[in-house]
Amino acid sequence: MIFPPLPKEDLEHVLEHSRQLWDQLRGGRIFVTGATGFFGIWLLETFAYANKELGLGAELVGLSRNPQAFYAKVPHLAAKSGITLHSGDVRDFQFPEGVFTHVIHAGTTSSAPVPPAEMLDTITRGTKRTLDFAVASGAKRFLFVSSGAVYGKQPADMTHILETYAGAPDPMDPNSAYGEGKRVGELLCSIVHKENGLETTIARCFAFVGPHLPLDAHFAIGNFIRDAMKGEPIKINNGTPYRSYLYAADLAIWLWTILFKGTSCRPYNVGSDEEITISGLARTVESTLGDSAAPLSHSTLNLNSSVSRYVPSVDQARMELNLRGLIPLNESIRRTASWHAFCR
């Protein structure tokens with residue numbers, strides 16, 4: 001499949017709300033792991049746009065296990081000035097040569113089904129390897145893309161998770177490998193900051209929607225958009241959980257802002273604080289993308305399941321960094337579906 005470029009309105013949106021930050025990267029070099037994933041592509045394209053529009057003269061090196069396969073999917077990125085891919089696995093990649101000013105570690109395996117032991121190994125070894133590289137390359141600032149999974153199960157009576165919540169994943173549950181790995185990653189960031197002075201910023205990411213989000217993975221909103229685009233009934237296994245969704249263009253603004261301005265070793269929740277049930281999400285997708293000529297419906301199962309929540313408080317990011325969600329959910333859904341319609 002060949003993916004089209006990100007919509008220009010999204011690239012302009014990111015630049016408009018991050019323009020004052022980019023001088024930090026003028027003439028600099030940034031290394032990005034996970035460069036070919038959902039987060040990574042948004043970082044590459046928004047970097048390329050800012051680099052060109054602002055004349056930064058910056059360079060981005062992205063880590064990829066298979067650069068050729070990536071360029072075959074996104075050929076427009078192969079022509080972007082200032083971007084190159086470095087081949088390697090995040091756990092043991094050879095360090096690129098030269099000095100780097102910034103590092104973003106977004107490499108993970110969250111969208112691919114892998115055994116828990118491999119998941120844990122990839123996150124922990126990959127984080128240590130990337131931190132070692134940041135120190136060796138002379139980088140001053142480091143962004144670790146963490147996850148709201150570090151909090152473990154959100155209590156049913158807690159509407160929004162604060163960064164100060166001391167919950168944790170269940171270590172007896174192998175499915176906790178992702179959250180536990182991210183917890184260890186944050187600890188490694190803290191250790192390296194203390195021992196080497198690297199300014200390590202942390203983004204605890206929740207749920208998102210936008211171009212490049214897989215429609216056939218384990219993301220409910222992606223599955224719903226896929227069903228609606230096909231004119232098929234939206235299928236729900238359990239409509240009671242509460243979730244929230246931040247559009248990927250806003251996500252990019254948040255990640256760049258935290259990298260450039262975030263306080264070291266001070267985690268920031270990244271996401272939307274506007275909660276919605278899965279049933280409500282299905283209705284929103286249906287009303288946004290539904291066609292009266294092909295009416296949609298959804299069937300809800302397991303309605304007696306206990307209510308679960310995965311919704312962040314983002315007051316800290318709002319107050320300290322002036323960050324907020326700017327693209328409403330229905331528009332986020334529309335833009336995502338419109339972009340996917342051009343994939344071939």
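Cα centroids of the range 1-42 and the range 64-100: 15 Å apart. Between the range 154-175 and the range 236-268, the alpha-carbon centres lie 17 Å apart. Compared with the dominant Cα axis of the chain, that is its longest principal axis, helix 329-340 is turned about 70°.
Structure note, pairs LYS128/LYS235; LYS8/LYS261; LYS52/LYS140; LYS73/LYS140: Cα-Cα distances above 29 angstrom occur for LYS128/LYS235; LYS73/LYS140.
How do LYS182, LYS230, LYS52 line up, fewest other C-beta atoms within 10 Å first?
Details: LYS182 26, LYS230 11, LYS52 14.
By the 10 Å Cβ count, ascending: LYS230, LYS52, LYS182.
Computed from Cα atoms, the angle from the helix 177-196 axis to the main principal axis of the chain rounds to 30 degrees.
Given the rule -39500 (n - 2.57) for each run of at least 4 DSSP H residues, summed and divided by the residues of the chain, what is its mean residue ellipticity at 222 nm, to the nearest 500 deg cm²/dmol?
Details: 11 runs with 135 residues, N = 344.
Only helices count here, giving -12500 deg cm²/dmol.
Ordering GLY152, GLY179, GLY57 by the projection of their Cα atoms onto the charge dipole of the chain, which places +1 on the Cβ of Lys and Arg and -1 on the Cβ of Asp and Glu, puts GLY57 at the extreme positive end.
By the beta-carbon count within 10 Å of each Cβ, the least crowded to most crowded order of THR33, THR240, fewest first, is THR240, THR33.
Take every DSSP beta bridge with both residues inside the chain and express the antiparallel ones as a percent of the total, to the nearest 5. Present the calculation step by step, with values, prior to reporting the outcome.
Numbers: 3 of 37 bridges.
Once the DSSP bridges in the chain are tallied, antiparallel ones form about 10 percent.
Every number in this text was worked out from the coordinates using simple rules, so none of it is lab data. Quantities reported herein were computed from a predicted structural model and do not represent experimental measurements. A quick note on method: Cβ atoms are made from the backbone with ideal geometry, for glycine too, and the neighbour counts reach across all protein chains shown.
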